[in-house]
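The values are calculated or read from the model by the stated rules, or taken from the named source; none is laboratory data. What you see is a predicted model; the values in this text were computed from it and never measured. Quick reminder, even Gly has a Cβ in these numbers, built from the backbone with ideal geometry, and neighbours come from all protein chains shown.
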Amino acid sequence: MASIDNLHNRLRSGDLVIIDGGTGTEIPRRGVPLCPDTWSGRANLTHPDVIRQIHEDYIRVGAEVIITNTFWTSRKGLEKGNLDSKTSEINRKAVKLAIEARQNVKADKDIFIAGSMSTFFPMSDPNVIPSYEEALANYREQAQILAEAGIDFFILEMFIRTLDARAAANAASELGLPIWVGYSITESADGDLCLGLRQDKHGNETIKEAVEAVENIDGVAAFCIMHSDMKHTQAGLTILRNETSIPIGAYAHSIEPSKDPNDEWETVVESSLDEYCNYAHGWILAGANIIGGCCGVTPDHIQELSKNLT
């Protein structure tokens, strides 16, 4: 198996790397309901064949990086669905399924497995600042499990506060694996871009502050703008490129979220393949050379990116 150092050497030299698309939104597209409290993690136990197949499909269409189905599977996240006693089992199973997918598909490129950890509780409100110590302990446990299970590097996803981004990055750095840090951005009422999920859900922390919070932590190897509106992503990348010299990437969501607070994850409008690919061209112009997708982005989207960008 290729060294993860080779991947980061390629990124530093400017090579384009295609990563996978959404997993959480791909699960219900394949007929498996999501757990309303724990998002996609339960499916690692109840529908492992579906998770493995999703990973395989992304590899077949050109993804070089597949992200484990562990977005909300920290102990704190699983606690909401009374699954916290299965924290180790669910995370280990997720990595095992990704490894099996890599073994099952004969790809013409080396495939790397990124272990996902996400924003701390509460996920959707960046104005509520958690305890750093509690967040750090939570991430340390999940990071240890993911590293022992065999991931190649960590990918921190949908961070909307610098405090828990710093906790997650510090926890991951203790394991000696590279770290990609993914921030979600939104537009504030006055038109500025800041960390957050929607215009009415942001904490006024800037992209500059997001970089400063973690850039000196050992192992941080890339920054990404992810799970953000496609139309904001290029502007966010332009700011990000001005704030850091390490590789940057983009994987936006391709959906318009529901306005119904009871259906926060409902897909209302999906982007076309051409639309998403056109936005991705702009992300590359802004300096990104890690490109993929988040919620609503399917293997068809990744195939389009792979065909048209590489």
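Quick notes on this one:
- Boolean, ALA2 is among the small types (Gly, Ala, Ser), within 16 Å of PHE112 (Cβ to Cβ), modelled with pLDDT of 95 or more and outside any helix (DSSP H, G or I): no
- Within the set ASP15, ASP5, ASP20, the sole residue that is surrounded by 24 or more Cβ atoms within 10 Å (Cβ to Cβ) and among the charged types (D, E, K, R) turns out to be ASP20.
- Residues satisfying the stated conditions in segment 90-121, i.e. closer than 19 Å to GLU157 by Cα and among the aliphatic types (A, V, I, L, M): ILE90, ALA94, VAL95, ALA98, ILE113, ALA114, MET117
- Members of segment 15-25 found to be farther than 12 Å from TYR251 by Cβ and touching a Phe, Trp or Tyr at 6+ places or on another chain (Cβ under 9 Å), listed by number: GLY24, THR25
- Taken over segment 40-58, residues that are of a type in the set (A, V, I, L, M, F, W, C) and surrounded by fewer than 24 Cβ atoms within 10 Å (Cβ to Cβ) amount to 2.
- The residue list SER131, SER124, SER188 contains one member that is in contact with a His (Cβ under 9 Å, 6 or more places away or on another chain), over 22 Å from ALA288 (Cα atoms) and surrounded by fewer than 19 Cβ atoms within 10 Å (Cβ to Cβ), which is SER188.
- Screening segment 76-109 for residues that are surrounded by fewer than 19 Cβ atoms within 10 Å (Cβ to Cβ) and in contact with an Asp or Glu (Cβ under 7 Å, 6 or more places away or on another chain) and picking the one that is nearest to ASP164 (Cα to Cα) gives LYS80.
- Residue match in segment 271-288 (condition: among the acidic types (Asp, Glu), out of contact with any Gly (no Cβ under 8 Å at 6 or more places or on another chain), modelled with pLDDT under 95 and farther than 28 Å from ILE4 by Cα): no
- Of the residues making up segment 197-250, those that are at pLDDT below 95 and in contact with a Cys (Cβ under 8 Å, 6 or more places away or on another chain) are HIS202, GLY203, ASN204.
- VAL95 being modelled with pLDDT of 95 or more and farther than 11 Å from ILE145 by Cβ: no
- Pair list, Cβ under 9 Å, 6 or more apart: segment 171-187 residue over 14 Å from GLN144 (Cα atoms), other residue basic (Lys, Arg) and not in a helix (DSSP H, G or I): THR186/ARG198; THR186/LYS201
- Number of the condition not met by PRO126 [criteria: (1) closer than 17 Å to CYS224 by Cβ; (2) in contact with a Gly (Cβ under 6 Å, 6 or more places away or on another chain)]: (1)
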